[in-house]
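The next block holds one structure in the form of structure tokens; read it before the comments.
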Ligand code: 13P
Ligand code: SF4
């Protein structure tokens, strides 16, 4: 990246007293110049703790919304306002209210990949790194509705032995990875370990060595003696992994696993965002207050997660 652009970003950061947060699927340049990179849980916590006045969120809209809910007094910017998450948009608040009516005594757990409205309608939030623990902590005699990701939901069912009422949402970028992709790479690299995001389909997960959030993948490879990993998640992850284990080889399980929304944020848009203080992410106060409760309950269950 040109030094002039790096200097410009540093100058704007100072001027705005801003912190740049970036998800592990962002373009390489964005990951490299961010102050903090991480998974959904890690970035939410950083957003809640930061001393900066402005949080520039390089990720997708639900992540920036979560930052705005947890830090209502800060200015939260997203450099590209159309960077959404199709999975988060697969359920509406109206649909969730209807489901709750059908199961009036149930508890609702929503994956953080959801809109603020869905978080406001839910009892607990979770991320891919703590969904199993959140569900395990809930009373055994309660029915549990889990939205919107059916694949993360099935992983939780399998790990906890609990029957969940699942919403049929899915991530379009993860379900394109097939078990044939895994088998083909395993044939080429029999020594490689397969690390997989729980948003992948069930046959892919069954063919894997470990099911991990993107943050957990970084810890796993850091502590592993293996030299090769087949990575079943969005392709941007291999850049983040290479930084923690430059000596290891990371093979994407499917080059089609691209999240187009994560790739919308570019250096030019990041600069324009800080120059013009756009696009401000705000959440209606009544919705934010209710959504914050489900996020805080998640953090209270797992204070050290
Ligand atoms: P992580 O919380 O594991 O980073 O996952 C976020 C996401 O959007 C996966 O598609
Ligand atoms: Fe949403 Fe999938 Fe993109 Fe993650 S990778 S932000 S779940 S569309």
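Miscellaneous remarks
- In the chain, the calculated helix contribution to ellipticity at 222 nm averages -12500 deg cm²/dmol per residue, counting -39,500 (n - 2.57) for every DSSP H run with n ≥ 4.
- Comparing 264, 13, 187 in a Gaussian network model of the chain, where Cα atoms under 10 Å apart are tied by springs, the biggest mean-square fluctuation is seen for 187.
- Shown here is the pair-distance distribution of region 19-145: with all Cα-Cα distances grouped in 5 Å bins from zero up to the longest one, the shares run 2, 11, 19, 21, 18, 13, 8, 5, 2, 0 percent.
- Semi-axes of the equivalent ellipsoid for region 167-233, computed as √(5λ) from the eigenvalues of its C-alpha gyration tensor and ordered from largest down, come to 20, 15, 8 Å.
- For 174, 103, 239, order by how many other beta-carbon atoms lie within 10 Å, fewest first: 103, 239, 174
- Across every pair of non-identical alpha carbons in region 221-305, the mean reciprocal distance, once inverted, gives a Kirkwood radius of 16.9 Å.
- In plain terms, the bigger the Kirkwood radius, the slower the diffusion; for region 116-256, with that radius from Cα pairs, at 37 °C and 0.692 mPa s, Stokes-Einstein puts D at 207 µm²/s.
- With the alpha-carbon atoms of region 138-192 aligned to their principal axes, the span from lowest to highest coordinate is 47, 24, 12 Å, starting with the largest.
- Relative exposure of 106, 273, judged by other C-beta atoms within 10 Å (fewest first): 106, 273
- Rounded if a/c under 1.5, otherwise prolate or oblate - region 54-126, Cα gyration tensor axes: prolate
- Max mean-square fluctuation residue, GNM over the chain, Cα-Cα springs under 10 Å, options 279, 170, 25: 279
- Antiparallel %, DSSP beta bridges [both residues in the chain], to 5: 5
- Rg over Rh, two decimals, the chain (C-alpha only, Kirkwood Rh): 0.97
- Ordering 212, 99, 21 by the number of other Cβ atoms within 10 Å of each residue's own Cβ, fewest first, gives 99, 212, 21.
- For region 1-57: rounded, prolate or oblate by the Cα gyration tensor [a/c cutoff 1.5]: oblate
- In region 117-164 the Cα-Cα distances spread across 10 Å bins starting at 0 as 26, 63, 11 percent of all pairs.
Read-outs: derived from the displayed coordinates by stated rules, not from any lab. For clarity, every value in this text was computed on a predicted model and none was experimentally measured. Ideal geometry is used to build each Cβ from the backbone, glycine not excepted, and the neighbour counts take in all protein chains shown.
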